[in-house]
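Below is one structure; the comments refer to it alone.
The values are calculated or read from the model by the stated rules, or taken from the named source; none is laboratory data. All figures in this text were calculated on a predicted structure; none of them were measured in a lab. We place every Cβ from the backbone using ideal geometry, glycine too, and count neighbours over all the protein chains shown. Please note that ligands, DNA and RNA were not included when accessible areas were found on the heavy atoms of the full protein model with its side chains. Shrake-Rupley method; radii C 1.70, N 1.55, O 1.52, S 1.80 Å.
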Amino acid sequence: MPAKTIQQEALTVDSLEVHFGGLLAINSMTFDVRAGEVLGLIGPNGAGKTTAFNAITGYIRPSSGHIAYRGASLAGLSPNEVADLGVVRTFQKTSVFGGQSAFDNVLMGLHRRQTRKALHIIFGLPSVAAEEREMRDTAREVLDFVGLGPRADELGSALPYGEQRLLEVAVALAARPSLLLLDEPVSGMNPSETASFMQIMGEIRKLGITVLLVEHDMKMVMGVSDRVVVLNNGSIIADGSPGEIQKNPDVIRAYLGERYKKKAQMRSTARVGAKGKKRAQG
Amino acid sequence: MNRFLEVSVVLFLASIPFWLGNLYYLHILITTGIFIIAAMSLNLLLGYTGQLSLGHVAFFGIGSYTSALVSLGFDLELTESYTFVFEPKPVWFAFLCGIVLAAISGWLIGRISFKVRGAYFVIVSISFAEVVRLVSLNWIDLTEGPMALNNIQPFTFAIPGLWELTFFKKEPNYWLVLGLCVVCFVIIRRLVQSRAGRAMIALRENEPLATSIGVDVTKYLVLATILSAGMAGAAGGLYTHYVRIVDPDIFLFIYTVTMVIMVVTGGKGTLAGPVVGGLIFGILPEVLRAFASPEVQWIIYGILMILIVYFLPEGIVPAVTQWWQRRARGPEGSMSQGSAPGAAS
Ligand SMILES: Nc1ncnc2c1ncn2[C@@H]1O[C@H](COP(=O)(O)OP(=O)(O)O)[C@@H](O)[C@H]1O
Ligand SMILES: [Mg+2]
């Protein structure tokens, strides 16, 4: 919806390169995420999407290139410093605080919103208790936001898989991101969970949070993204609206291989997405 | 209600010297209380941040020696012609110095080892304890080495010219230990139920996730080490001015092991765990002493610990709470939330 008013870049990735030993995982990757948009980042398995996330959020050091958020360079920052700038990511492999209740998971996520220092806490200042009450209310709101309100007291590790994935997003949202990086948030969710997650994505957008979304479920990516960037073998091969991407011959080739190119081009664009998904998961 | 219960427990504990009627028992309670403080401080690190400080006794010993030396005064012959003379200072001041110096050592250890965690922290903390022990043994000018520092003053509180209270007797020492136990317990509880404690638990449970939401790993690990070391130092200071003698044996590895046993059997990462573990392993040796030789005592110790760790791997306190919750939730839990019992496992 606000697609036309989005112009300003929030995140810029410029000539990013990441090596793992002799392996070139990302090769001169350049793209940007504009403030307020949902940008889909797609590509076959092993294309380097997760690696790009790791480089942006400070988990690995890129070999070269620039990454900046709102004009400030992220070079050399540790993950928590990146989070302090409002850039928060989730993990491809499910990652919650397993031994804590869903509610406490979100409380932990609220770390960045709290201002009381260790000394205030040790001396038990009234402001600490006030902030704590406020945070408990906020934690309830965040849990309700993703629809996990009724599961507040369940241990993170005891939640069904799909709900753990929701909890991850809740924890990330609790950290009050202005840019949220989601790494395959619906992988492992069943179709109805995926459908409701797409609604949550809509709500997240309404909060004014910019989203960079990595996802194999093409229906989902094409449904929620304003723009899509395609990564293959470490390089960006296409950048455009979902409609353009679905027709792009390079993308079709990357996903389906040369042999299927003709066949695929004849089919409707929506079907391409479905095949891409099948292949990615198989 | 809860607050009322807590105050009652503390008042009951405070009343013990009035009716116990046996100074030897009171002595056991005092030393047990000192060990409980040390165990609580270890739990802050081991239980909440997950870092094992196998040299924890170093902080205890630094608190002891510092407090003893500052209260006794000392002179150091620095050159032929110059001797540095440190005048004796009041005990309360010496005690504070002990806490501060222990906390500073904690900060130091934290800074160097938390860049590389886990096994490195264990190694650095053990080595540190050994170095401090060797210093206390060999820097005879300062510490008297194996001859020990003697005639350490007991605690004294004074309003100059008006009033003075010296803790020669066991009762005031007991209350002092109890008071410090309560203070440490309250501080740790405030901490772990706050943003700071949650950050520590988050690091223990899932470090990559914790950092992704903005938790500064090093900062909270160092904070935990400083507080933990300071509390251990306070326990050491109390100990020194109570037994009034300190020698290098205070750094023996066995004391660290005892603290670890207390924390692990009681339940690491729980508030009550070190208290329960400390009570058991503080009082048990004295009970056993009556009818078992030291070797047999150690065997009983070992068997008991193996049994506890085998049957209650998380420790006594978590086992009891889980049993209690299951019992409380029993009838209605099965109706309203089908999966609830699974959550306890
Ligand atoms: N820590 C690592 N060490 C070595 N190679 C890695 C590491 N992480 C990823 N890779 C390699 O980098 C490439 C890109 O992986 P990844 O970013 O996970 O892809 P995607 O998320 O797009 O599926 C793959 O070939 C993968 O094997
Ligand atoms: Mg990936």
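This table checks each residue for (1) open to solvent by 50 Å² or more (accessible area, probe 1.4 Å); (2) within 14 Å of chain B (Cβ to nearest Cβ); (3) out of contact with any Pro (no Cβ under 9 Å at 6 or more places or on another chain).
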{"position": "A:130", "(1), (2), (3)": "no, yes, yes"}
{"position": "A:137", "(1), (2), (3)": "yes, no, yes"}
{"position": "A:156", "(1), (2), (3)": "no, yes, yes"}
{"position": "A:170", "(1), (2), (3)": "no, yes, yes"}
{"position": "A:173", "(1), (2), (3)": "no, yes, yes"}
{"position": "A:177", "(1), (2), (3)": "no, yes, yes"}
{"position": "A:198", "(1), (2), (3)": "yes, no, yes"}
{"position": "A:201", "(1), (2), (3)": "no, no, no"}
{"position": "A:205", "(1), (2), (3)": "no, no, no"}
TODO: Select from region A:112-152 the residues that are free of Cβ contacts under 8 Å to residues at least 60 places away in the same chain and either touching a Cys at 6+ places or on another chain (Cβ under 7 Å) or within 25 Å of residue A:93 (Cβ to Cβ) (or both) and list them in ascending order.
DONE: A:139, A:142, A:143, A:145, A:146, A:147, A:148, A:151, A:152
- [ ] Go through region B:55-111 and count every residue that is of a type in the set (Asp, Glu) and farther than 21 Å from residue B:134 by Cα.
- [x] 2
- [ ] Starting from region A:37-63, take each residue that is open to solvent by 10 Å² or more (accessible area, probe 1.4 Å) and list its partners that are polar (S, T, N, Q) and more than 9 Å from ligand 1 (Cβ to nearest atom), counting only C-beta distances under 7 angstrom and pairs at least six apart or across chains.
- [x] A:44/A:232; A:58/A:78
TODO: For region A:70-89, indicate whether the set of residues that are part of a loop (DSSP other than H, G, I, E, B), within 16 Å of ligand 1 (Cβ to nearest atom) and more than 19 Å from residue B:202 (Cβ to Cβ) is non-empty.
DONE: no
- [ ] Please work out if residue B:250 is within 13 Å of chain A (Cβ to nearest Cβ) and open to solvent by less than 20 Å² (accessible area, probe 1.4 Å).
- [x] no
Task: Members of region B:184-198 found to be more than 10 Å from every other protein chain (Cβ to nearest Cβ) and open to solvent by 50 Å² or more (accessible area, probe 1.4 Å), listed by number - done: B:185
Open item on the list: I'd like to check which helices (runs of 4 or more DSSP H) are fully inside region B:1-116 and have at least 2 residues that are surrounded by fewer than 19 Cβ atoms within 10 Å (Cβ to Cβ) and of a type outside the set (D, E, K, R).
Closed with: B:2-20, B:23-43, B:91-113
Open item on the list: Just to verify a result, which residue in region A:64-98, among those that are among the polar types (S, T, N, Q) and open to solvent by 20 Å² or more (accessible area, probe 1.4 Å), is farthest from ligand 2 (Cβ to nearest atom)?
Closed with: A:73
Task: Complete set of residues in region A:219-243 that are in a helix (DSSP H, G or I), touching a strand residue (DSSP E or B) at 6+ places or on another chain (Cβ under 8 Å) and open to solvent by 10 Å² or more (accessible area, probe 1.4 Å) - done: A:222, A:224, A:242
Open item on the list: Considering only region A:15-32, I want to know if a residue exists there that is away from every other protein chain (no Cβ under 14 Å), free of Cβ contacts under 8 Å to residues at least 60 places away in the same chain, within 15 Å of ligand 1 (Cβ to nearest atom) and under 19 Å from the mean Cα position of the chain (by Cα).
Closed with: yes
- [ ] Considering each of B:122, B:85, B:100 in turn, give the residue that is out of contact with any Leu (no Cβ under 9 Å at 6 or more places or on another chain) and of a type in the set (A, V, I, L, M, F, W, C).
- [x] B:100
Open item on the list: Go through (1) assigned to a loop (DSSP other than H, G, I, E, B); (2) facing another protein chain (nearest Cβ under 8 Å); (3) away from ligand 1 (no atom under 16 Å from the Cβ) for residue A:115 and report which single condition fails.
Closed with: (2)
